[in-house]
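Below is one structure, written out as structure tokens; comments come after it.
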Amino acid sequence: MTARRFFLLSLLSAALTADAAQPNYQVTIDGRTLQGTPLQQSTSQLLLLARDGSYQQVQLNEAENLRRLPGTFRSYSQSEIRGRLLREFGRNFDVSGTGNYLVVHPRGKRDQWAPRFEKLYRSFQVYFGARGVQLKPLRFPLIAIVFPTRSDFLRYAQRQGVSTSRSTRGYYSHQSNRIILYDVTAGRPSAPWHENASTIIHETVHQVAFNTGLHSRSAAPPRWVSEGLAMMFEAPGVWDARKHPRLTDRINRQRMEVFEEYRSTRPKGQLASLVTSDRVFHQNVLQAYSEAWALTFFLAETRPRQYTEYLLRTSQRKPFRAYSQQERLRDFTACFGDNLTLLEAHYLRFIDGL
């Protein structure tokens with residue numbers, strides 16, 4: 001190990017062990033200057049939390065002029081991030097602020113896009129506040145990027161190294177902490193808004209959950225947990241309960257129809273497989289998503305206290321550690337009991353009864 005790298009590691013080790021206010025560092029990579037606070041390090045690389053909320057991977061042998069800055073780490077202000085976004089996306093886009101959100105969207109489309117993200121953020125707060133969950137305050141302004149066409153969206157995703165499928169309409173990026181999507185209606189005023197609505201709701205729930213302590217970006221929950229929560233909110237009775245107060249309004253009809261078709265071939269004991277592994281999402285995506293929704297809806301409706309306890313439990317894991325099958329099972333049974341056969345019977349009976 002070179003003396004220079006040893007010095008860098010010693011400096012960063014001290015920063016990583018600080019529990020209180022986080023130090024702020026500056027480093028130059030390929031002529032680009034980054035500011036942030038270290039989250040994780042190895043002998044060769046460093047994970048830096050940048051002041052816009054993104055994660056930046058730094059190769060230590062490429063790092064230059066690493067130094068600690070006066071004061072402690074803090075986010076860029078909303079006005080600072082807005083200026084950076086305007087420079088990044090150029091004159092064909094506006095950047096609209098809505099309180100907690102900065103939304104990059106085609107020029108002149110503020111009212112069509114920006115307020116919807118803010119409304120969903122507030123709906124999320126109301127839903128969990130009513131269940132006694134104290135969500136953490138936002139550390140960074142939340143950013144959403146809306147492209148006018150699918151081709152623009154795909155080009156951006158490709159530049160970011162994100163793989164997409166033909167059905168992908170948007171995604172939440174853990175690395176950039178941004179929502180990225182496109183206008184499915186291609187700006188047609190007469191097109192029904194619901195074509196965009198489910199994508200906005202789904203990805204906004206991901207982003208808000210990962211930024212308010214319900215999920216952890218550095219220790220992600222099982223996939224069924226994050227996807228199930230996002231799909232549950234797609235139903236109007238969940239994200240807008242005041243206007244849609246009935247149980248039937250809280251059912252995600254699209255996911256339920258897929259689950260009903262799946263019931264005849266669903267393997268016995270599938271609950272344990274879903275809880276302990278993400279493997280089912282690589283085998284049959286539609287069935288896995290429908291089951292994630294169904295289990296989440298069952299737990300949220302029939303065991304709300306245990307469900308929120310479980311969400312918080314999965315968010316408090318040690319950062320950047322693998323989540324083994326044994327640990328997943330332990331955390332689940334600690335909240336819902338160890339008789340998974342009985343729980344599965346109750347769960348399926350509840351869904352069938354809908």
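The values are calculated or read from the model by the stated rules, or taken from the named source; none is laboratory data. Keep in mind it's a predicted model, so treat the numbers as computed, not measured. Methodologically, a virtual Cβ is constructed for each residue, glycine included, from the backbone with ideal geometry; neighbour enumeration extends over all protein chains shown. Keep in mind that these areas ignore ligands, DNA and RNA; they rest on the heavy atoms of the full protein, side chains included. Shrake-Rupley method; radii C 1.70, N 1.55, O 1.52, S 1.80 Å.
Yes/no matrix, rows are residues, columns are (1) in contact with a His (Cβ under 7 Å, 6 or more places away or on another chain); (2) without any contact (Cβ under 8 Å) to a residue 40 or more places away in the chain; (3) surrounded by fewer than 20 Cβ atoms within 10 Å (Cβ to Cβ); (4) not in a helix (DSSP H, G or I):
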{"residue": "Leu49", "(1), (2), (3), (4)": "no, yes, no, yes"}
{"residue": "Val95", "(1), (2), (3), (4)": "no, yes, no, yes"}
{"residue": "Gln112", "(1), (2), (3), (4)": "no, yes, yes, no"}
{"residue": "Leu120", "(1), (2), (3), (4)": "no, no, no, no"}
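If I filter region 34-44 for residues that are over 30 Å from Tyr101 (Cβ atoms) and modelled with pLDDT of 90 or more, do I get at least one hit? No, that holds for no residue. Just to check your reading of the model, which residue among Thr302, Thr296, Thr308 is touching a residue at least 24 places away in the same chain (Cβ under 8 Å), closer than 29 Å to Gln134 by Cα and surrounded by fewer than 16 Cβ atoms within 10 Å (Cβ to Cβ)? Among Thr302, Thr296, Thr308, only Thr302 is touching a residue at least 24 places away in the same chain (Cβ under 8 Å), closer than 29 Å to Gln134 by Cα and surrounded by fewer than 16 Cβ atoms within 10 Å (Cβ to Cβ). Counting only helices (runs of 4 or more DSSP H) that fall entirely inside region 263-354 and contain at least 3 residues that are closer than 26 Å to Gly213 by Cα, the qualifying elements are 270-276, 285-302, 304-315, 325-336. Here Leu8 clears all of (1) part of a helix (DSSP H, G or I); (2) at pLDDT 75 or above; (3) over 29 Å from the mean Cα position of the chain (by Cα); (4) among the hydrophobic types (A, V, I, L, M, F, W, C) except the condition numbered (2).
All conditions in (1) at pLDDT below 95; (2) open to solvent by 70 Å² or more (accessible area, probe 1.4 Å); (3) more than 18 Å from the chain's Cα centre (by Cα) hold for Gln160, with the sole exception of (3).
Figure legend. Inter-residue proximity from region 199-216: first residues under 12 Å from Ile143 (Cα atoms), second residues of a type in the set (Gly, Ala, Ser), beta-carbon distance below 6 Å, spacing 6+ or different chains. Indicated pairs: Glu203/Gly170.
With the structure loaded, tell me whether Arg330 is open to solvent by 10 Å² or more (accessible area, probe 1.4 Å), touching an Asp or Glu at 6+ places or on another chain (Cβ under 6 Å) and modelled with pLDDT of 95 or more or whether it fails that test. No: the conditions fail for Arg330. Among the residues in region 99-107, are any over 20 Å from the mean Cα position of the chain (by Cα), within 29 Å of Ala209 (Cα to Cα) and among the β-branched types (Val, Ile, Thr)? Checked against the condition, which is being over 20 Å from the mean Cα position of the chain (by Cα), within 29 Å of Ala209 (Cα to Cα) and among the β-branched types (Val, Ile, Thr), region 99-107 yields no hits at all.
Listed by first and then second residue, the pairs linking a residue in region 62-81 that is within 28 Å of Tyr101 (Cβ to Cβ) and of a type in the set (Asp, Glu) to a residue that is open to solvent by less than 40 Å² (accessible area, probe 1.4 Å) and not in a strand (DSSP E or B), with Cβ atoms under 9 Å apart and 6 or more places separating them unless they lie on different chains, are Glu80/Arg51; Glu80/Asp52. Can you find even one residue in region 24-45 that is under 15 Å from Phe320 (Cα atoms), without any contact (Cβ under 8 Å) to a residue 24 or more places away in the chain, out of contact with any Lys or Arg (no Cβ under 7 Å at 6 or more places or on another chain) and surrounded by 18 or more Cβ atoms within 10 Å (Cβ to Cβ)? Scanning region 24-45, I find no residue that is under 15 Å from Phe320 (Cα atoms), without any contact (Cβ under 8 Å) to a residue 24 or more places away in the chain, out of contact with any Lys or Arg (no Cβ under 7 Å at 6 or more places or on another chain) and surrounded by 18 or more Cβ atoms within 10 Å (Cβ to Cβ), so the answer is no.
The residues on offer are Ile143, Ile81, and the sole one that is open to solvent by less than 20 Å² (accessible area, probe 1.4 Å), among the aliphatic types (A, V, I, L, M) and within 19 Å of Gly170 (Cα to Cα) is Ile143. When region 169-186 is filtered for residues that are open to solvent by 30 Å² or more (accessible area, probe 1.4 Å), farther than 17 Å from Asn211 by Cβ and under 18 Å from the mean Cα position of the chain (by Cα), only Arg169 remains. For the list (1) under 16 Å from the mean Cα position of the chain (by Cα); (2) hydroxyl-bearing (Ser, Thr, Tyr); (3) open to solvent by 20 Å² or more (accessible area, probe 1.4 Å); (4) under 28 Å from Leu312 (Cβ atoms), I need the number of the one condition that Tyr127 fails. Going through the list (1) under 16 Å from the mean Cα position of the chain (by Cα); (2) hydroxyl-bearing (Ser, Thr, Tyr); (3) open to solvent by 20 Å² or more (accessible area, probe 1.4 Å); (4) under 28 Å from Leu312 (Cβ atoms), Tyr127 breaks only (1).
Given the structure, is Leu16 more than 25 Å from the chain's Cα centre (by Cα) and either open to solvent by 40 Å² or more (accessible area, probe 1.4 Å) or at pLDDT below 90 (or both)? When the stated conditions are applied, Leu16 does not pass them. Taking the listed residues Ser226, Ser218, the one that is within 25 Å of Asp52 (Cβ to Cβ), surrounded by fewer than 19 Cβ atoms within 10 Å (Cβ to Cβ) and within 17 Å of the chain's Cα centre (by Cα) is Ser218, with no other qualifying.
Selection of region 253-287 for residues being hydrophobic (A, V, I, L, M, F, W, C) and open to solvent by less than 30 Å² (accessible area, probe 1.4 Å) yields Met256, Phe259, Leu271, Leu274, Val275, Val280, Phe281.
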